[in-house]
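Okay, so here's the structure we're looking at.
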Amino acid sequence: MDANEFRRLGYQLVDWIADYREGLERLPVMSPAKPGEIRAAFPEHPPLHGGRMAQALAVLDRDVMPGITHWNHPSFFAYFPSNTSYASILGDLATAGIGAQGMSWQTSPAATEVEEVVMDWLRQMVALSPAFTGVIHDTASTATFTALLCAREKVSGHAQDGEGLQSGEAPLVVYASDQGHSSIEKAALLAGFGRRFLRLIPTDENHAIRLDLLSAAIEKDVEIGLRPCALVAAVGTTALDPVAAMADLAEAHGMWLHVDAALAGTAMVLPECRWMWEGIERADSLVFNPHKWMGVGFDLSAYYVRDPQHLIRVMSTHPSYLRTAQDGQVSNFRDWHIQLGRRFRALKLWFYLMDVGVEGLQARLRRDLENAQWLKAQVDGAPDWERLAPVPLQTVCLRHLGPGLDEPALAAHNLELARRVNEGGRAYLTPSLLKGRQMLRVSIGAETTERRHVEALWESLKEIARAL
Ligand code: PLP
């Protein structure tokens, strides 16, 4: 392909994306594809001869798109909002076009310095103090894993420089709530703590970690000769832990405090939501995902630490081929995370912020919060529906109480309800268990979701429930 062909196809593809976005509402939200169906449309062997881009675009339309679940659809209420705003798409396009690796400052100084700028803008937007320095990670899972590695090394006095985890006399323990995200468990296991030394503490009626049980678990561990190492607080849509009180415990026991605010971190752009992470200044590290509710395309996680030097010590290696003359004066972001190579992700965040501005983002987030409160009020006012969790943000956990149904029957009833909503194509939500009770999670906040889409979802939930 030469530059002229690229221009022609590129303009065509941009039109295709805009048409797709404009027509989204007419498509079934969840892909109706059956397992293997998409794959079967593709030839078994790679093309021997090239020059088939026109064919590729036709196949994209005909055979790939039926296998897409439309995350930017206004009636997407599943999992979490993962918006890709137009500005962020353009940022990604520029990143791909430039094709730079930003592993060291020297390998593309702008990739490092624009990232420093936008991570500092983001820090200001969520009102974190300048004591925190940010770096872009791919996902919250990676950032939480990194945090636990840093915790392990801090508490073990950099055991990695000697015999690693094998050298400790007292096994290290990680604590989180049993409502925290599965990425915490994964991180603890991958970081080598071992399931025996991961304590998932029960939560109270509002799904916040039980501080009394947490303190008791820590004290018991100390008593039997274990070493409390890391505490992970969840600042989330359903699980909302008391960060300040957890910081007290972390300080008292010399533990690392990491805060997982993957989705909820975006809400901190709103001053009225910042009570949710009161005490955040005392965390050692935190992560949130602009690639969720904010509107920046996947993937872009913001990882903030109070001690970048510690992070660098844990993450860096110094092979001769990576050394540069500027080392010591600049940030080499390869030393701030696990992988070496890194895309210029900051561009899409920068484009996005230039497009919406802080006030534009705040207005959209407030719209979503109001939509969630509207749905909460409908559920609370309907005697045959139940809300299972508080609604501090944009997620509503609900279920239909079919008359005379016991718990197992209620579970089957609500699963069927979810199946009919999702397979009907008009909306998409996530059936999930909350402390053993089957419920439906309605996660509001796609960029194009207006009140009418939430109203339509509520109407179809009621209609389907009546017909069951
Ligand atoms: N933590 C929480 C609270 C989440 O909601 C999620 C994703 O849904 C994650 C972590 C994992 O996010 P990622 O896909 O960025 O690893």
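The values are calculated or read from the model by the stated rules, or taken from the named source; none is laboratory data. Computed from a predicted structure; not experimentally measured. FYI the Cβ positions are ideal-geometry reconstructions off the backbone, even for glycines, and counts take in every protein chain you see.
Scanning the range 389-409 for residues that are buried (at least 19 other Cβ atoms within 10 Å of the Cβ) and not hydroxyl-bearing (S, T, Y) gives A389, V391, P392, L393, Q394, V396, C397, L398, R399, H400.
For every residue, the table says whether it meets (1) touching a residue at least 24 places away in the same chain (Cβ under 8 Å); (2) surrounded by fewer than 13 Cβ atoms within 10 Å (Cβ to Cβ); (3) in contact with a strand residue (DSSP E or B) (Cβ under 9 Å, 6 or more places away or on another chain).
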site: D2; (1), (2), (3): no, yes, no
site: E5; (1), (2), (3): yes, yes, no
site: I17; (1), (2), (3): yes, no, no
site: G23; (1), (2), (3): no, yes, no
site: M30; (1), (2), (3): yes, no, yes
site: H49; (1), (2), (3): no, yes, no
site: M53; (1), (2), (3): yes, no, no
site: A56; (1), (2), (3): no, yes, no
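For Q106, the test of being surrounded by fewer than 15 Cβ atoms within 10 Å (Cβ to Cβ), touching a residue at least 60 places away in the same chain (Cβ under 8 Å) and in a loop (DSSP other than H, G, I, E, B) is failed.
Residues in the range 78-99 that are buried (at least 16 other Cβ atoms within 10 Å of the Cβ), among the aliphatic types (A, V, I, L, M) and more than 16 Å from the ligand (Cβ to nearest atom): A87, I89, L90, L93. There is no residue in the range 288-296 that is more than 16 Å from the ligand (Cβ to nearest atom) and at pLDDT 95 or above. Can you confirm whether V222 is within 14 Å of the ligand (Cβ to nearest atom) and without any contact (Cβ under 8 Å) to a residue 60 or more places away in the chain? When the stated conditions are applied, V222 does not pass them.
For the subset of the range 366-391 comprising residues that are touching a strand residue (DSSP E or B) at 6+ places or on another chain (Cβ under 6 Å) and farther than 24 Å from L468 by Cα, which member is modelled with the lowest pLDDT? Filtering the range 366-391 for residues that are touching a strand residue (DSSP E or B) at 6+ places or on another chain (Cβ under 6 Å) and farther than 24 Å from L468 by Cα, the one modelled with the lowest pLDDT comes out as A389. Select from the range 137-155 the residues that are in contact (Cβ under 8 Å) with a residue 60 or more places away in the chain, polar (S, T, N, Q) and surrounded by fewer than 24 Cβ atoms within 10 Å (Cβ to Cβ) and write down the one among them that is nearest to the ligand (Cβ to nearest atom). Here the residue is T139.
If you go through the range 301-343 and keep only what is of a type in the set (G, A, S), surrounded by 16 or more Cβ atoms within 10 Å (Cβ to Cβ) and over 25 Å from V155 (Cβ atoms), you end up with just S331.
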